[in-house]
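Here's the structure, in structure tokens; my notes come after.
The values are calculated or read from the model by the stated rules, or taken from the named source; none is laboratory data. Bear in mind the structure is a predicted one, so any value in this text is a computation, not a measurement. Reconstructed Cβ throughout: ideal geometry from the backbone, glycine too, with neighbour counts over all protein chains shown.
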Amino acid sequence: MAQISNKLKGGDLRSLGKTKVVISEITNQKEFDELFKNLFNPDRLVVMRAADAVEKLTQTHTDYLDSHKNELLELFQTANHIELKWHLAQLIPRLIIRLKLSEDETGMVWDRLTQWALDKSGSRIVRVNSMQGLYDIQKKFPELKKDFTDTLLKLDRETIPSLVARIKILRKKMKS
């Protein structure tokens, strides 16, 4: 397989380039590990596309994340680019649901996702994905349901269509 980072380069942030090709070529943990390294690439475009590929691959292969817990948590704490945050907000809950995180680690993730969800100056996609991540985590940890409901109440005051739509979906899921 040609170097993954070369396949993820080029174009602009509105394009996924050859991300689908990369995804189709990842068939085992070793290849996934090579892809994962690109989350730390200095090229923002490569990071965005690698994050997209990691997020899509781990929808069906959550076990690929197992050996990357510490790196993913570190990246989660330091991420600045919104494109990376979009995907981390989806990946981190998978990590929590699959692996046993310490109480401190879970608390840090919860606090950061809540911060991202409530950040009025933040990306709407990051905010929506953070809400979804919080929902997924509170399903595993019912003691967080009240905090989650409080966050939804704060967000409910906003008139951003994507937030309102996701809140409606999540409330419906909580009732069923």
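Here are the numbers:
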{"item": "Number of positions in the stretch 25-71 that are surrounded by 18 or more Cβ atoms within 10 Å (Cβ to Cβ) and more than 25 Å from Gly10 (Cβ to Cβ)", "result": "3"}
{"item": "Residue list for the stretch 67-100, restricted to those being closer than 14 Å to Asp33 by Cα and either at pLDDT below 90 or among the basic types (Lys, Arg) (or both)", "result": "Lys69"}
{"item": "Only one of Gln90, Gln77 that is part of a helix (DSSP H, G or I), farther than 18 Å from Thr19 by Cα and not hydroxyl-bearing (Ser, Thr, Tyr)", "result": "Gln77"}
{"item": "Subset of the stretch 1-53 [in contact with a helix residue (DSSP H, G or I) (Cβ under 8 Å, 6 or more places away or on another chain) and among the polar types (S, T, N, Q)]", "result": "Ser5, Thr19, Gln29, Asn38, Asn41"}
{"item": "Residue list for the stretch 114-157, filter: among the polar types (S, T, N, Q), under 16 Å from Ala89 (Cα atoms) and part of a helix (DSSP H, G or I)", "result": "Thr114, Gln115, Asn129, Ser130, Gln132, Gln138, Thr151"}
{"item": "Check on Ser102, of a type in the set (Ser, Thr, Tyr), in contact (Cβ under 8 Å) with a residue 12 or more places away in the chain, surrounded by fewer than 18 Cβ atoms within 10 Å (Cβ to Cβ) and out of contact with any helix residue (DSSP H, G or I) (no Cβ under 7 Å at 6 or more places or on another chain)", "result": "no"}
{"item": "Of all residues in the stretch 8-17 being touching a residue at least 12 places away in the same chain (Cβ under 8 Å) and farther than 22 Å from Leu75 by Cα, the one that is surrounded by the most Cβ atoms within 10 Å (Cβ to Cβ)", "result": "Gly17"}
